[in-house]
Amino acid sequence: MNEQSKRNKIAWEYRAYEFWNKKYGSPQKLAAQVAENPIGQLKKHKNYFQHIEGKKVANLCGSNGRKAVPIALLGAEVTVFDISEENKQYALELAGFANAAIDYIVTDIYEIDLSAYQSNFDVLYLEGGILHYFDDIEKLMSILYVLLKPDGKMILSDFHPLRKCILADSKKVSYFDSKKVQSGDLAYKDYFDEAEQTDFPNVSVRLYTLSDIINAVIGSGFQLEKFEEHRGWNGEDIPWEFTILAKK
């Protein structure tokens, strides 16, 4: 495990289970919502999962299972790969209360056993702000390409790189400065009291441009089929997220 991954594992195993309970309620409470409307939990990506029954889906950096569990309830065979034991705890409890079966593997994505999972999945699903946790996006994409079956699809959604520039206000942000790994706040740090925040470990991130991301997808061998840009979660008229659909 490289130094960036080590730092991010430490960070994402610090009070993550407590955070998920703060944000979404207990796994039992969230499970009731998920089971009531599984497809609705996939929000802007629900059209990609209309006919997922019997398919093998890898949810990489699948976090607390709130996407993996509804996909499993829709009839897919779901494997989550994620670096955090605390995320796994919440996800498996969520799956149990929702009567969904998921396989959850705690690993650095860079260290997935490719001999065991080569050409194994019909669909790869990555979403929610994850690319910045990888210091080598070309290596990441090459791993994803190996995991996918021929004719399989990758659904990759992440924060739009322009968002940080638009929301920066007076703080200078260099959009093109994507070559260095830097320290950053853990995503859920602000959900805790200020007195507690000083104890939170930092994450290690690298911020990519949109062209970095698209070229890494194409360069790894994927065929780019669709690129979508999404508004803010509350309808803000700025590029907040994007989704790439690519085929092997």
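The values are calculated or read from the model by the stated rules, or taken from the named source; none is laboratory data. What you see is a predicted model; the values in this text were computed from it and never measured. Because the Cβ atoms are built from the backbone with ideal geometry, glycine has one as well, and the counts that use them run over all protein chains shown.
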Which numbered condition in (1) under 30 Å from residue 121 (Cα atoms); (2) touching a strand residue (DSSP E or B) at 6+ places or on another chain (Cβ under 9 Å) is the only one that residue 185 fails?
(1)
For residue 181, indicate whether it is within 18 Å of residue 240 (Cβ to Cβ) and among the aliphatic types (A, V, I, L, M).
no
Residue 131 versus (1) modelled with pLDDT of 95 or more; (2) farther than 29 Å from residue 18 by Cα: which is the lone unmet condition?
(2)
Result of the Cβ filter at 9 Å on region 26-49, keeping first residues that are farther than 27 Å from residue 245 by Cα and partners that are β-branched (Val, Ile, Thr) and assigned to a helix (DSSP H, G or I), at least 6 apart or interchain, is 30/69; 31/69
Would you tally the residues in region 233-248 being under 19 Å from the mean Cα position of the chain (by Cα) and among the acidic types (Asp, Glu)?
1
Out of all the residues in region 45-65, which are at positive phi and crowded, with 21+ Cβ neighbours inside 10 Å?
61, 63, 65
Go through (1) in contact with a Gly (Cβ under 9 Å, 6 or more places away or on another chain); (2) outside any helix (DSSP H, G or I) for residue 135 and report which single condition fails.
(1)
Unmet requirement for residue 133, which otherwise passes all of (1) surrounded by fewer than 19 Cβ atoms within 10 Å (Cβ to Cβ); (2) in contact with a Lys or Arg (Cβ under 9 Å, 6 or more places away or on another chain); (3) under 26 Å from residue 216 (Cα atoms); (4) not aliphatic (A, V, I, L, M):
(1)
All but one of (1) loosely packed, with under 14 Cβ neighbours inside 10 Å; (2) in contact with a Lys or Arg (Cβ under 7 Å, 6 or more places away or on another chain) hold for residue 42; state the number of the condition that does not hold.
(1)
Any idea which of (1) part of a loop (DSSP other than H, G, I, E, B); (2) buried (at least 16 other Cβ atoms within 10 Å of the Cβ); (3) touching a Leu at 6+ places or on another chain (Cβ under 9 Å) is the one residue 157 doesn't satisfy?
(1)
Collect the residues in region 48-72 that are polar (S, T, N, Q) and at pLDDT 95 or above, keeping them in residue-number order.
59, 63, 64
Checking the structure you have, find out if any residue of region 142-151 is among the charged types (D, E, K, R) and either out of contact with any strand residue (DSSP E or B) (no Cβ under 8 Å at 6 or more places or on another chain) or buried (at least 17 other Cβ atoms within 10 Å of the Cβ) (or both).
no
Scope region 75-122; condition part of a helix (DSSP H, G or I) and crowded, with 21+ Cβ neighbours inside 10 Å; matching residues
87, 88, 90, 91, 94, 95
Does region 136-153 hold any residues that are β-branched (Val, Ile, Thr) and more than 16 Å from the chain's Cα centre (by Cα), and which are they?
146
Residue match in region 47-70 (condition: over 18 Å from the mean Cα position of the chain (by Cα) and within 20 Å of residue 3 (Cα to Cα)):
no
